[in-house]
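The values are calculated or read from the model by the stated rules, or taken from the named source; none is laboratory data. Everything numeric here is computed off the predicted structure, so don't read it as measured data. Counting neighbours? That spans all protein chains shown, and the Cβs are built from the backbone with ideal geometry, glycine included. To get the accessible areas, we keep the full protein, side chains included, count just its heavy atoms, and leave off ligands, DNA and RNA. Shrake-Rupley method; radii C 1.70, N 1.55, O 1.52, S 1.80 Å.
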Amino acid sequence: MENRIFNRDMECMPRKELEALQLERLKSLVDYCEKNSKFYAERLKKAGVTADKIKCLSDIEYIPYTTKDDLRDTYPFGMLSVPKEKIVRVHASSGTTGNPTVVAYTREDLENWSEQVARLAMAAGAHEGTTVQICFGYGMFTGALGLHYGLEKIGAVVVPTSSGNTEKQLKFMRDFQTDAIVATPSYCMYLAEAARSMQDKYPMSSYNLKYGILGSEGSTPEMRTEIENHWGNGFFCTDNYGMSELNGPGMSGECMYRDGLHINEDHFYCEVIDSVSGRTLDKGSTGELVVTNLTKRGLPMIRYRTKDITNINYDACKCGRTTARMHKIIGRSDDMIKVRGVNVFPSQVESALIGINGISPNYLIVLRREGYSDSMEVRVELVDGSLLDRYGELVALQKRIHDNIKNILGIEIKVNLVEPNSIERFTGKAKRVLDLRNEK
Ligand code: DLL
């Protein structure tokens, strides 16, 4: 893959200049919020912060955090900083409990967002003329439209198939000779499995797929290798991160060297904090990511607590970009599950499973309460269902998986091997945990 950079001036800026620009933009954001945001004007006043008080970037610590609850409490438009008529787009998160979180964009916000996505999509391999199929669901989710406009800005040939309808997806992929797909890692894997299952009719060589711009959910490096092997022919995928509160996709993404996700730092100022005490951690430490969107004006976000766990590397990258790189998301402070007092991230289970022959990377963690204790079952799909009739082999495979997971987590678990294709597939974000501990 060629190393292309969409906006060299911004992405390769000397760090001193970049930090000066961040400071200037932070002051201007605080000043803007004092004058235009009822929500932030009150917060800033209470904290005794004015734009003049911000002398260096770490002075941001005077400002309190913003949380998802703030957005929910002010649903739908209580955090707007412009009259509603100045908003040209609204998105919302699904909101499984309570009010969804609504986010809104001015025209200028949309332009910035497209620029952010264009940079990352190019870092991931897209360029003018490449055919890119967007397999994210179009709608209130930011993934599809975010990538759509970013890719159009680059001049890519955008194919907005949306999610679902697997056979059609694959047909367009073959007929249009699609170069790249945009999807969640789990859906990209699912499409590869589906393509393989139709190999008699359409050989894998009938696809021209070269890379995957993946994101919106976590994937371990092992899962990535599995996806790449499933597509074959040198298929290469990158990880892309973002969240609707911070525009959507476009906050950070991997370049061809895949050594962390480049942050669009001229737009996003990042901190890492201890999620329990709320204390800011030293550079390089692992903790919860807190982000300030320096250029957003419709619905600004200052020190937003993402709940995502990562660390940030500020060294320059081989690709020439000087922007800091965040580690792949290690987990979420709220999808971390506590099992008998031990912290477990689904990603740990995923990395323990990958590389074991005979199983697919589709799994489900089922938690139950047995007496006073938690039990954890890891349900894993077999590739060959006939193994269920071969007791000796089945037990050996079960033991291997059990030992791998136990070595990583340090707790006892139960492994349940199940028929191929019996675990639910998702076209959007995959759900890996079924917590039945509070069920009677
Ligand atoms: O998922 C935005 C997005 C769309 C990013 C497409 C990348 C590509 P939300 O639906 O608001 O926004 O979900 C945000 O998803 O806080 C993370 O927990 C998780 N997430 C997003 N990208 C990644 C990733 C979009 N690359 C929430 N790795 C975030 C791990 C991710 N988790």
Task: 17 Å Cα-Cα reach of Lys86 towards lysines, excluding residues that sit fewer than 8 places from it in its own chain - done: Lys35, Lys38, Lys296
Task: Mean residue ellipticity (222 nm) of the chain, computed from DSSP H runs ≥ 4 via -39,500 (n - 2.57), nearest 500 - done: -9500 deg cm²/dmol
Task: the chain, relative contact order in percent, only Cα pairs under 8 angstrom and at least six apart counted - done: 14 percent
Open item on the list: For a Förster distance of 41 Å, can you work out the FRET efficiency between the beta-carbons of Thr225 and Glu111, rounded to the nearest 0.05?
Closed with: 0.65
Open item on the list: Among the listed pairs Lys318/Lys431; Lys338/Lys399; Lys55/Lys338; Lys16/Lys338, which have their C-alpha atoms separated by more than 30 angstrom in this model?
Closed with: Lys318/Lys431; Lys55/Lys338; Lys16/Lys338
Open item on the list: What do you get for the angle between helix 142-154 and the principal long axis of the chain? Use alpha-carbon atoms, 0 to 90 degrees, nearest ten.
Closed with: 70 degrees
Task: Accessible surface of region 337-435, 1.4 Å probe, proportion on carbon and sulfur as whole % - done: 50 percent
TODO: Can you tell me the dipole magnitude for region 196-296 around its Cα centre, using point charges on the Cβ only (Lys, Arg +1; Asp, Glu -1), in Debye to the nearest 20?
DONE: 380 debye
Task: region 242-346: chymotrypsin sites (Phe, Trp or Tyr not before Pro) falling in loop per DSSP and having at most 13 other Cβ within 10 Å - done: Tyr314
Open item on the list: I want the antiparallel fraction of DSSP beta bridges within the chain, as a percent rounded to 5.
Closed with: 65 percent
Task: Acute angle (nearest 10 degrees) that the helix 15-36 long axis makes with the longest principal axis of the chain, alpha-carbon atoms - done: 70 degrees
- [ ] Once you have a ≥ b ≥ c as the square roots of the Cα gyration tensor eigenvalues for region 82-169, tell me rounded if a/c is under 1.5, and otherwise prolate or oblate according to whether a/b is larger than b/c.
- [x] oblate
- [ ] Identify the trypsin sites (Lys or Arg not before Pro) of region 188-237 meeting these criteria: DSSP loop state and at most 13 other C-beta atoms within 10 Å of the C-beta.
- [x] Lys201
Task: Cβ-placed point charges (K, R +1; D, E -1), dipole of the chain about Cα centre in debye, nearest 20 - done: 640 debye
Task: Spin-label zone in region 249-285 - amide nitrogen under 18 Å from a point set 7 Å from the Cα of Glu152 along the C-beta vector - done: 249-250
Task: Gyration tensor (alpha-carbon) shape descriptor, region 234-302, a/c threshold 1.5 - done: oblate
Task: Extent along principal axes [Cα atoms of region 337-435; Å; largest to smallest] - done: 37, 34, 25
Open item on the list: Straight-line reach only, C-alpha to C-alpha below 15 angstrom: list the aspartates and glutamates that Lys171 could link to, leaving out same-chain residues fewer than 8 apart.
Closed with: Asp179, Glu193, Asp200
- [ ] Diagonalise the Cα gyration tensor of the chain and give the resulting equivalent ellipsoid semi-axes, square root of 5 times each eigenvalue, largest first, whole Å.
- [x] 38, 27, 20
TODO: With label points built 7 Å along Cα→Cβ from the Cα atoms of Lys318 and Lys35, find their separation and express it in nm.
DONE: 4.7 nm
Task: Rounded Å value of the spacing that divides the Cα centres of region 6-66 and region 244-312 - done: 14 Å
Open item on the list: Using only the alpha-carbon atoms, how far is helix 221-231 inclined from the longest principal axis of the chain? Give it as 0 to 90 degrees, nearest 10.
Closed with: 60 degrees
Task: Neighbour-limited loop hits for trypsin sites (Lys or Arg not before Pro), region 18-126 (at most 10 other Cβ within 10 Å; DSSP other than H, G, I, E, B) - done: Lys55
